[in-house]
Amino acid sequence: MVLTFWKNSPSRVKRVLTIVGFLFLSIIITIAGVLTPLSSEEANTIGNELDNTRKTIDSMPVMQQVSFIFGNNLMICLAAFVPIAGPVFECYVLYSTGVVIAAGSITEGVNPLLVFLFLFIFPFAWLEFIAYSVALAESVWLTWRIIQRRFRSEIVTTCIFISICAVMLLLAAVIEIAIISLLR
């Protein structure tokens, strides 16, 4: 039944379903990182690194802050587009992000899972996760097209998705810095 649905579905539906599937997978992988047990020493070490990064970003002019966050997220997203290796790298990044959230939460004495879920009230979290999910899904599609020896047609689609992800991540960085500025 599922295989018949998949075969009979238009390509756009398949792509949307693939992206949604990777969105759920991305959230699950990040939650796995959030739920990773950390010693107080590990949490403090990671928390101190996080604080140093925050201080560095805070010392920058606003446009440079946006550029820094956008550039960092775009490089991670672009890496996810790479067939086979990209999804492996992205899964590592998502898991590591969860661990950093956990460490920051532990040092502040807050439940890490609540902090992670709280992030989703902000649009930048959704934009970032969706962009990464698009990249992961397109990596799989590109890999499949390479196997089918039809990758040339997929290159155009990949470029379109890269552009969409770049716009989403730029918007996410602007929103994130705006929210941080309002909360100070």
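Looking at ILE146, is it assigned to a helix (DSSP H, G or I), surrounded by fewer than 15 Cβ atoms within 10 Å (Cβ to Cβ), at negative phi and in contact (Cβ under 8 Å) with a residue 40 or more places away in the chain?
Yes, satisfied.
Picking from ALA137, ALA166, ALA173, ALA125, which residue would you name as being crowded, with 20+ Cβ neighbours inside 10 Å, under 29 Å from ASN52 (Cα atoms) and under 18 Å from the mean Cα position of the chain (by Cα)?
Within the list ALA137, ALA166, ALA173, ALA125, the selection yields ALA173.
For LEU38, state whether it is surrounded by 14 or more Cβ atoms within 10 Å (Cβ to Cβ), modelled with pLDDT of 90 or more, of a type in the set (A, V, I, L, M) and not in a helix (DSSP H, G or I).
yes
For VAL156, which of the numbered conditions (1) farther than 21 Å from VAL88 by Cα; (2) among the aliphatic types (A, V, I, L, M); (3) surrounded by 13 or more Cβ atoms within 10 Å (Cβ to Cβ) fails to hold?
Here VAL156 clears every test but (3).
If we keep just the residues of segment 107-122 that are touching a helix residue (DSSP H, G or I) at 6+ places or on another chain (Cβ under 8 Å) and surrounded by 13 or more Cβ atoms within 10 Å (Cβ to Cβ), which is farthest from SER39 (Cα to Cα)?
This residue is PHE122.
Evaluate the following for PRO83: is it within 13 Å of the chain's Cα centre (by Cα), more than 27 Å from LEU182 (Cα to Cα) and either in contact (Cβ under 8 Å) with a residue 12 or more places away in the chain or surrounded by 14 or more Cβ atoms within 10 Å (Cβ to Cβ) (or both)?
Taking the combined requirement at face value, the residue does not satisfy it.
Please list, ordered by first then second residue, the pairs with beta carbon atoms under 7 Å, 6 or more apart or interchain, first in segment 156-179 and acidic (Asp, Glu), second buried (at least 17 other Cβ atoms within 10 Å of the Cβ).
Pairs found: GLU176/ILE69; GLU176/PHE124.
When LEU3 is evaluated against the numbered criteria (1) aliphatic (A, V, I, L, M); (2) surrounded by 14 or more Cβ atoms within 10 Å (Cβ to Cβ); (3) in a helix (DSSP H, G or I); (4) at pLDDT below 95, which criterion, by number, is the only one it fails?
(2)
The values are calculated or read from the model by the stated rules, or taken from the named source; none is laboratory data. Note that this is a predicted model, so its numbers are computed, not measured. Every residue, glycine among them, receives a Cβ derived from its backbone with ideal geometry; neighbour counts consider all protein chains shown.
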